[in-house]
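None of the figures in this text is laboratory data; all of them are computed from the coordinates on show. Just so you know, these numbers come straight off a predicted model, no measurement behind them. A quick note on method: Cβ atoms are made from the backbone with ideal geometry, for glycine too, and the neighbour counts reach across all protein chains shown.
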Amino acid sequence: MADAAAPAAISALTPTGYNLGVAIGWKRFAVAGDVAKVKSADSAIGGRESAMLGVSYSLSNRLSTRVAVGADHSTGGTVPALRHGDNVSLDLGSSYSLSRRIDLTGGVRYNIERHRYSALQDQRRDSQAVYVGNAFKF
C-alpha cells in the first residue's frame, strides 16, 4: 500500500503548464505573441499566467528594432507570503548586423510590479535594465 502512495505524492508536486507562441512577418514588419500558464498541484503555491505581444521592424538589411509589452500575474489561492507580484513590462531593443553571422543587440527593459507587500520589496533593486549582447547565427 505504501508503493501506491509514492507515485501519487510525486505527481502531486509536478506542475502542469503550457507555452504557446506565434509570429507572423510581412516584408520588413513582424508581430509576435506568446501566452503561457503554469499550474501547480499545490494550491498554496498557486500558478502563473503570462502574455507578451511584440512588434519588430527592419529598417535595413543590417538594423532592426523591436517593442514588446508583457503581463504576468498569479493565479489561484496563493498564500500571501509566497505570492509574486503582478508584473507589467515594456522592452525596447535593437539589433545591428556586424556580419552575416554576428549581430550586436541592445535595449532597455522596464518592469512594474504591482500588488506586492512593502515588507517583501527590496528597495535597493531597480525595475529597469539596460542590456547589450550579441547573437551568433549558425
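Quick look at the values:
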quantity: Highest average packing first - 99-108, 62-71, Cβ atoms within 10 Å; calculated: 62-71, 99-108
quantity: Pairwise label distance in nanometres, F29 with L98, each label 7 Å out on the Cα-Cβ vector; calculated: 3.2
quantity: Distance (nanometres) between label positions extended 7 Å along Cα→Cβ at A135 and A71; calculated: 2.7
quantity: Karplus-derived 3J(HN,Hα), 6.51/-1.76/1.60, for each residue of the range 93-104, Hz, glycine and proline x; calculated: x, 8, 9, 10, 7, 7, 8, 5, 10, 10, 10, 9
